[in-house]
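Notes follow the structure.
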Amino acid sequence: MDWGRIRFFLGEVQRNFTRNAGMQITAIGTVAVTIVMLGIFLYARSALIHAESGVFSQIEISVYADPAATAAQETVIRTALAQDPRILSVSFIPKREGLAQMRRLMKGQIDTSLLTENPLPDKFRIRVREAQEVPAVARSIARLPHVQNVEYGREVVQRLLQLAAVMRPVGIAVIVLFLLVAGIIISNTIRLTVFARRREISIMQLVGATNMYIRMPFICEGLLAGIAGTAIAVGALALARASLVPKIASALPWLPMNTVAVDLSTLVLELFAVGAAVGALASWIAVGRYLRT
Amino acid sequence: MISIRGVSLVYPNGVRALDNVSLEIGKGEFIFLVGHSGTGKSSLLRLLYREMAPSIGHITVDGIRVDRLARGRIPALRRRLGVVFQDYKLLSDKTVWENVAFALQVTGAHTRDVRRQVPRALDLVGLAHKSRMYPNELSGGEQQRTAIARALVNNPKLLLCDEPSGNLDPANTTEIMELLRRINLKGTTVVVATHNQAVVDRMRRRVVRLDNGRVITDEERGYYFLGLGQDQILSG
Ligand SMILES: Nc1ncnc2c1ncn2[C@@H]1O[C@H](COP(=O)(O)OP(=O)(O)O)[C@@H](O)[C@H]1O
Ligand SMILES: [Mg+2]
């Protein structure tokens, strides 16, 4: 390892980086803003996708028995359900228990003590082995005798799909736009550094430095700007996640989010990769244009 | 060392800086390129270190076909020659030592070689004792010697000088020319473009005279002016 060479190189990079600090800060700030947006997008997408698969796998079919059905008739339903190979589990919730559950859920929202009689039917809760079989199973159960109603989380699924359909293109367009802006700002910053260092560059060329070598410190400068911006963004995102996500989750209870399942370390790595790539690519282009002329 | 055949150079703005120039320069020669300002001396040197390519003609430098050198091979050419300019082209935020070392460092030399060759180059130009000084702490002559040390630090066989004494007083000029003579004696081919009459007349070396982009004379031991007496020089 030739430490002298490394020290010289790092000195050159540092010289570049500090030469136009003001512009450098602008570049870092833009990267930070872009990465924050990208982070939010990826985080939300990941949370929703996990929720989506979670919702599908946990999707339950609720089978409501005819309120007039006798216990024997309900046993027929239960046997039919138990024999269906597509069904994973069946649990029976008598109307008493159903009411108790509702009381717990609706506590403070509806005064259930006003109810004079239990309006709920007996209910079977069914888990299906394969999520995509839910609709078919639901249909076949609906044909059983003494079954009043069959429900499954159709709305949740549809809402989820709609949300994703709207979010994806808009989010991607905005992020691509910001990545471009960040790239252009870094590129201009590097161009300023290149301009400030044109004397050094011309001497390097004169004494026979390769274009690759001349490029290197500038690429590192762009890389540093990208990484610094990403670091700031990741810090901001971490703060936001700690303080905002629980609030969002409670403010929008219908939003199916599964934030526990989001792979944070991969997400952070991805953000750093994008930040670094934007920085390096932008400076590569900026110096390349200078060296070619 | 250098072979120039039928070379013309037309700048993008249409100026014909060189017009069918042919010239052979042997290994170890010391040669002056003289002529009025604007006759193409700098342009000729630029072709040799491939700052530019000729519009037509062949140029060979140290066995390398310079006129059609791929862009990627220019650094290799530049490492085999040194170039010195009137304005020294030193980096003001680096010391003498760092300026000289720069030429090695940016071409990927090992620290070991930098430590060995920089002092050698500084000794050659007599600046070892000022290696920690910055260019603005040096006289013009010392700055030019620093530039020469940088040009020579990787032991090139060819040194190109474009008006090396253009900004120097007579004493410093003498010093620089003496240094160039010593460098030449060690075997380096030296090409000096100048319009300094005293320098040329004192050295009595080969003189190639350019006029309006053409070689008009080429003398083995020439003077600055061709066959002109002092009176005419002063009046003309
Ligand atoms: N970069 C350039 N672009 C256009 N014309 C140039 C350029 N450099 C030099 N010239 C022209 O070419 C001619 C030769 O210039 P130069 O080689 O610098 O002469 P010298 O070094 O002998 O003074 C001049 O007419 C000058 O104006
Ligand atoms: Mg000139």
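Summary of computed values
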quantity	calculated
Test: residue in segment B:86-101 that is away from every other protein chain (no Cβ under 14 Å), of a type in the set (Lys, Arg) and more than 16 Å from ligand 1 (Cβ to nearest atom)	no
Condition broken by residue A:212, with the remaining ones in (1) farther than 30 Å from residue B:87 by Cβ; (2) open to solvent by 60 Å² or more (accessible area, probe 1.4 Å) satisfied	(1)
Of the criteria (1) under 22 Å from the mean Cα position of the chain (by Cα); (2) under 25 Å from residue A:196 (Cα atoms); (3) open to solvent by less than 20 Å² (accessible area, probe 1.4 Å); (4) not basic (Lys, Arg), which one residue B:86 fails	(3)
Residue within segment A:206-221 that is hydroxyl-bearing (Ser, Thr, Tyr) and touching a residue at least 40 places away in the same chain (Cβ under 8 Å) present	no
Entirely in segment A:13-108, the helices (runs of 4 or more DSSP H) that have 3 or more residues that are under 33 Å from the mean Cα position of the chain (by Cα) and at pLDDT 80 or above	A:21-58
Selected residue (criterion: surrounded by the fewest Cβ atoms within 10 Å (Cβ to Cβ)) from residues of segment B:47-60 that are in contact (Cβ under 8 Å) with a residue 12 or more places away in the chain and within 16 Å of ligand 2 (Cβ to nearest atom)	B:52
Members of segment A:192-237 that are at pLDDT below 90 and outside any helix (DSSP H, G or I)	A:197
Odd one out for residue B:218, checked against (1) open to solvent by less than 50 Å² (accessible area, probe 1.4 Å); (2) assigned to a strand (DSSP E or B)	(1)
Segment B:89-99, subset buried (at least 20 other Cβ atoms within 10 Å of the Cβ) and closer than 14 Å to residue B:136 by Cβ, residue nearest to ligand 2 (Cβ to nearest atom)	B:90
Residue match in segment B:61-74 (condition: within 16 Å of ligand 1 (Cβ to nearest atom), facing another protein chain (nearest Cβ under 10 Å) and open to solvent by 20 Å² or more (accessible area, probe 1.4 Å))	no
Test: residue B:183 is more than 16 Å from ligand 2 (Cβ to nearest atom), surrounded by 22 or more Cβ atoms within 10 Å (Cβ to Cβ) and at pLDDT 90 or above	no
Residue within segment B:152-168 that is surrounded by fewer than 23 Cβ atoms within 10 Å (Cβ to Cβ), more than 26 Å from residue B:3 (Cα to Cα) and within 16 Å of ligand 1 (Cβ to nearest atom) present	yes
Matching residues, segment B:75-85, being facing another protein chain (nearest Cβ under 8 Å) and hydrophobic (A, V, I, L, M, F, W, C)	B:76, B:77, B:83
Selection within segment B:1-25 - open to solvent by 30 Å² or more (accessible area, probe 1.4 Å) and not basic (Lys, Arg)	B:1, B:10, B:11, B:12, B:13, B:14, B:15, B:19, B:20, B:22, B:24
Search result, residues across segment A:116-143 that are modelled with pLDDT under 85 and assigned to a loop (DSSP other than H, G, I, E, B)	A:116, A:117, A:118, A:119, A:120, A:121, A:122, A:129, A:130
Filter result for residue B:42 (within 16 Å of ligand 2 (Cβ to nearest atom), closer than 30 Å to residue B:223 by Cβ, more than 12 Å from chain A (Cβ to nearest Cβ) and modelled with pLDDT of 95 or more)	yes
Any chance residue B:48 is under 19 Å from the mean Cα position of the chain (by Cα), within 9 Å of ligand 1 (Cβ to nearest atom) and not basic (Lys, Arg)	no
Residue list for segment B:136-175, filter: on the phi > 0 side of the Ramachandran plot and either within 16 Å of ligand 2 (Cβ to nearest atom) or at pLDDT 95 or above (or both)	B:163
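The values are calculated or read from the model by the stated rules, or taken from the named source; none is laboratory data. Keep in mind that what you see is a predicted model, and the values were worked out from it rather than measured. We place every Cβ from the backbone using ideal geometry, glycine too, and count neighbours over all the protein chains shown. Protein only, heavy atoms only, side chains kept; ligands, DNA and RNA dropped before computing areas. Shrake-Rupley method; radii C 1.70, N 1.55, O 1.52, S 1.80 Å.
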